[in-house]
Amino acid sequence: MHALVVIDVQNDFCPGGALAVPGGDEVVAAINDMMGEFDAVVVTQDWHPAGHSSFASSQTGKAPFETVEMPYGQQILWPDHCVQGSRGAELHSDLRADADLILRKGFRPGIDSYSAFFENDRTTPTGLEGYLRNRGIDRVTLAGLATDFCVHYSAVDAAELGFHVAVRQDACRAIDMDNSLAAALGAMRGAGVALI
Ligand code: VGL
Ligand code: ZN
């Protein structure tokens, strides 16, 4: 059984949003076209409380895109984005609304969660692994935003959990800061993810 996991296609990651990914809205049509090909469709939503610790505005003397040392390791600081209940946190309005599950992540004030499987401490599960296994899923295809952060961490985690994993690069877009896209592609390849 094969699931499509659509990562963070939200207004804040699209042009005009708080953490806009170049061409972010261009993934919507490709994802809508793919959705019918899968046994299950999961959509994730980055879902931060106001004042989340990954926001530069919550850390004194820090600007967006600087890094900070958290109890769980290095964390990039972001502009305020995907605040629970805000328009920026809503899924893109053209994205098909018939997904089976909407999984929210990043809701713990003190931990960011790039991956749809584990938070950035790399140990706190989101529950997605259990959901997929319960439904008999053994293959996962990923698409969405951003290739070098949430898609990357989700793909590597899925591969390490033993799923067969593919990333549809035509249906992803990257932030690409400090060579992060090339690094992410290398890490995904190294984990056995098929980049298609
Ligand atoms: C993301 C940075 C912060 C993503 C989410 O969806 O790739 N990136 N929060
Ligand atoms: Zn976020």
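The values are calculated or read from the model by the stated rules, or taken from the named source; none is laboratory data. It should be emphasised that the depicted structure is a prediction, and the values quoted were computed from it without experimental measurement. Reconstructed Cβ throughout: ideal geometry from the backbone, glycine too, with neighbour counts over all protein chains shown.
One table, with the values for the structure above:
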read-out: Qualifying residue in the stretch 115-129 (condition: in a loop (DSSP other than H, G, I, E, B) and of a type in the set (Lys, Arg)); value: yes
read-out: Any hit, the stretch 17-30, residues being in contact with a Phe, Trp or Tyr (Cβ under 6 Å, 6 or more places away or on another chain) and within 15 Å of SER113 (Cα to Cα); value: no
read-out: Residues located in the stretch 128-155, provided they are of a type in the set (A, V, I, L, M, F, W, C), in contact with a Phe, Trp or Tyr (Cβ under 9 Å, 6 or more places away or on another chain) and without any contact (Cβ under 8 Å) to a residue 60 or more places away in the chain; value: PHE149
read-out: In the stretch 134-162, the residues that are away from ligand 2 (no atom under 16 Å from the Cβ), surrounded by 24 or more Cβ atoms within 10 Å (Cβ to Cβ) and not in a strand (DSSP E or B); value: ALA155, ALA158
read-out: Selection count where residues are touching a Leu at 6+ places or on another chain (Cβ under 9 Å) and within 11 Å of ligand 2 (Cβ to nearest atom), scope the stretch 76-128; value: 7
read-out: Which listed residue, of ALA146, ALA97, ALA89, ALA116, is hydrophobic (A, V, I, L, M, F, W, C) and touching a Gly at 6+ places or on another chain (Cβ under 8 Å); value: ALA146
read-out: Of all residues making up the stretch 102-114, the number that are part of a loop (DSSP other than H, G, I, E, B) and of a type in the set (Val, Ile, Thr); value: 1
read-out: Entirely in the stretch 1-101, the strands (runs of 3 or more DSSP E) that have 1 or more residues that are within 15 Å of ligand 1 (Cβ to nearest atom), under 18 Å from the mean Cα position of the chain (by Cα) and not aliphatic (A, V, I, L, M); value: 40-46, 73-76
read-out: Meets criteria (within 15 Å of ligand 2 (Cβ to nearest atom) and either under 17 Å from ASP170 (Cα atoms) or surrounded by 19 or more Cβ atoms within 10 Å (Cβ to Cβ) (or both)) for ILE7; value: yes
read-out: Out of ILE196, ILE175, sole residue that is β-branched (Val, Ile, Thr), at pLDDT 95 or above and buried (at least 16 other Cβ atoms within 10 Å of the Cβ); value: ILE175
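Conditions (1) surrounded by fewer than 16 Cβ atoms within 10 Å (Cβ to Cβ); (2) farther than 19 Å from HIS92 by Cβ; (3) in contact with a Lys or Arg (Cβ under 7 Å, 6 or more places away or on another chain), marked per residue:
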{"site": "GLU37", "(1), (2), (3)": "yes, yes, no"}
{"site": "VAL42", "(1), (2), (3)": "no, no, no"}
{"site": "ASP46", "(1), (2), (3)": "no, no, yes"}
{"site": "PRO49", "(1), (2), (3)": "yes, yes, no"}
{"site": "PHE55", "(1), (2), (3)": "no, yes, no"}
{"site": "LYS62", "(1), (2), (3)": "yes, yes, no"}
{"site": "PRO71", "(1), (2), (3)": "yes, yes, no"}
{"site": "ILE76", "(1), (2), (3)": "no, yes, no"}
